[in-house]
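So the structure is just underneath, and the comments pick up after that.
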Amino acid sequence: MPAPDPRNTPRTGRRRIPPATESAFMSLSRLNAAIGKINDVLCAASVLVWDSRTMLPKGGSAARAEQLATLSLLARDLLLSDETRKALDGARREVETLPQDDAWRRAVHKVDEAIALHRRIPATLIERKTKARVLGAQIWVEARANSDFASFAPALADIVAVTRDYADAAGWFGHPYDVLIGLYEPGATFAEVRTLLDELKRGITPILEAALGRPRPARDFLDEPFSEEKVKAAARLLTEVLGYDYEHGRLDKTVHPFAISFTREDVRITMRLGERSFANSLFGAMHETGHGLYEQNVDPAFTRTPLTTDLVGLHAGGGASLGAHESQSRLQENHVGRSRDFWHAHFGRMKEVLGGLDGVEAEAFRLAVNDVSPGLIRTEADELTYDFHIMLRVELEAALLTGDIKVAEIPGAWGEAMKRHLGVAVPNDREGCLQDVHWASGSIGSFCTYTLGNVMAAQLFEAANRRGEGVAQGLTKGDTAPLRLWLKENVWRHGKRFTRDELLTRATGRALEAGPYLRYLEGKYGKAA
């Protein structure tokens, strides 16, 4: 009997919370109601962010920056209000006898942590940071199109300055980068990230050298031109196969793909169209689908509570960490989306939608999209070279924060690092330091979460195949429903309840470790594909 499709799970009928008589938890109920208002404000801000990255006219960026700054300050004011703090004081007493890992005890703790942080961050700094990232993202779009870093450099200098000021206000001991990494990966430090990256570099390098010694597969057909309409239709097919729910989501075109959540009832994904190969666009859509699945499948009882609201970063949505979130996108993109069984099951349908690829078989396509070759673009990198792109960005971010590299020196430093890590010469800014939106949007500190996501994805996928009922058998037929059920039970439904390592330990028996990821890469690329 096939596993039930997790998309059929009812989306209504939230459980009564907290888990006892309502009268015994009046303060907690008031606290959740207060956070619900904050979540509403942040969802409104997210709508404006989505619009700014999909259809905002060039002339609207300055006004949009003001609008988003206002909403960020409003959310902060609500968090620090007497109403929220009084409810928090009462809720602390109400949950103190609950188990340490109880969802609502964790929710109270998250509000406590967020308030403590935001008391240290001046309102003017929040306003500066919000405006800098909105204006920076708009300037970046044109600078990237023109391959002109110099036109973006002043905006980046503002972003780096306000980011460093934020780290100083928040307080740091080891390295200012620790604060920024911690915004996305709570508890992680630059030293820990650097240790992991060093371990991966040692482990991946011999696998990469072996893979580069083999003949490359044919891949010219990946550049076959298709209309944007057909590529988007193929992306819709593949994202539906992976389980994305279009009754509560949509797919749109953007310059740099992203996913965004306005509660689990409205989770949107985007894709890049009209650039390079159609396959890169499709895999980008499958990547964002992983993010979308995480947000669409959180426990409905957590909606508009601290367990689905990033009160530290003042964003709606989010899981255990951004690394946990990236684990889901990399899992869908790579472990599922680049597998032999997936394409043998679904390649024919994709060809029909595209209306091309004559003479190309599923195995040839699978080999092509798993080709290993050092390249310029992170989002188009193969699995073996991808983490070297992250190593480059992490070292440059850390150096920017300490002033060891000046903003004006970034193009040269980028070119040197690409040569050192991947042996690739950078021909222009567009394919070099302007390729990612992250710095422009103020997300300094987030890049390491892609590698953390790679490591976590392999650990979860290994456990799902070993422990999940029907998972391995389903995947051999291209059926992802059993895998989705396992991920929903072990990852998605928990929202922010558990830390990353708690989530991993519950699902796999171990905290984060590089072993499963290196085993996966060795098994896939250490021998002939």
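A few comments on the model shown:
- Residue that is under 28 Å from Thr195 (Cα atoms), surrounded by fewer than 17 Cβ atoms within 10 Å (Cβ to Cβ) and modelled with pLDDT under 95, where the choices are Gly526, Gly509, Gly515: Gly526
- Residue that is within 18 Å of the chain's Cα centre (by Cα) and over 20 Å from Leu487 (Cα atoms), where the choices are Gly290, Gly284, Gly243: Gly284
- Selection status of Gly182, surrounded by fewer than 21 Cβ atoms within 10 Å (Cβ to Cβ), part of a helix (DSSP H, G or I) and within 21 Å of the chain's Cα centre (by Cα): yes
- Strands (runs of 3 or more DSSP E) enclosed by region 207-314 - at least 2 residues per element that are surrounded by fewer than 18 Cβ atoms within 10 Å (Cβ to Cβ): 251-253
- From the list Phe347, Phe388, Phe365, the one residue that fits, being crowded, with 21+ Cβ neighbours inside 10 Å, touching a residue at least 12 places away in the same chain (Cβ under 8 Å) and over 30 Å from Ala161 (Cβ atoms), is Phe365.
- Of all residues in region 321-337, those satisfying the criterion of being farther than 17 Å from Ala481 by Cα, touching an Asp or Glu at 6+ places or on another chain (Cβ under 8 Å) and not hydroxyl-bearing (Ser, Thr, Tyr) are Leu322, Gly323.
- The lone exception for Gly187 - which of (1) at pLDDT below 95; (2) part of a helix (DSSP H, G or I) it fails: (2)
- Count of region 147-179 residues which are in a loop (DSSP other than H, G, I, E, B), touching a residue at least 40 places away in the same chain (Cβ under 8 Å) and small (Gly, Ala, Ser): 2
- Members of region 330-380 found to be closer than 21 Å to Arg216 by Cβ, assigned to a helix (DSSP H, G or I) and aliphatic (A, V, I, L, M), listed by number: Ala362, Ala364, Leu367, Ala368, Val369
- Candidates in region 467-493 are the residues that are in a loop (DSSP other than H, G, I, E, B) and touching a residue at least 60 places away in the same chain (Cβ under 8 Å); of these, the one that is surrounded by the most Cβ atoms within 10 Å (Cβ to Cβ) is Val491.
- Just one of (1) closer than 22 Å to Thr124 by Cα; (2) modelled with pLDDT of 95 or more fails for Ala62. It is (2).
- Residues of region 96-112 that turn out to be modelled with pLDDT under 95 and in a helix (DSSP H, G or I), as a count: 0
- From the list Leu196, Leu135, Leu125, Leu117, the lone residue that is in contact with a Phe, Trp or Tyr (Cβ under 9 Å, 6 or more places away or on another chain), closer than 28 Å to Leu322 by Cβ and surrounded by fewer than 21 Cβ atoms within 10 Å (Cβ to Cβ) is Leu125.
- When region 400-411 is filtered for residues that are small (Gly, Ala, Ser) and modelled with pLDDT of 95 or more, only Ala408 remains.
- Here Ala408 passes the criteria (1) aliphatic (A, V, I, L, M); (2) farther than 25 Å from Phe283 by Cβ; (3) touching a Cys at 6+ places or on another chain (Cβ under 8 Å) except the one numbered (3).
- When Ala458, Ala472, Ala408 are checked against the criterion of being aliphatic (A, V, I, L, M) and either in contact with a His (Cβ under 6 Å, 6 or more places away or on another chain) or more than 25 Å from Trp343 (Cα to Cα) (or both), Ala408 stands alone in meeting it.
- Filtered residues of region 302-338 (kept if under 14 Å from Arg106 (Cα atoms) and not charged (D, E, K, R)): Phe302, Thr305, Pro306, Leu307, Thr308, Thr309, Leu311, Gly319, Ala320
- Cβ-Cβ under 7 Å pairs, at least 6 apart or on other chains, region 117-146 side farther than 15 Å from Ala161 by Cα and of a type in the set (S, T, N, Q), far side modelled with pLDDT under 90 and part of a helix (DSSP H, G or I): Gln138/Ser61
The values are calculated or read from the model by the stated rules, or taken from the named source; none is laboratory data. The model shown is predicted, which means the values in this text are computed figures rather than measured ones. Cβ coordinates were reconstructed from backbone atoms using ideal geometry, including for glycine residues, and neighbour counts include every protein chain displayed.
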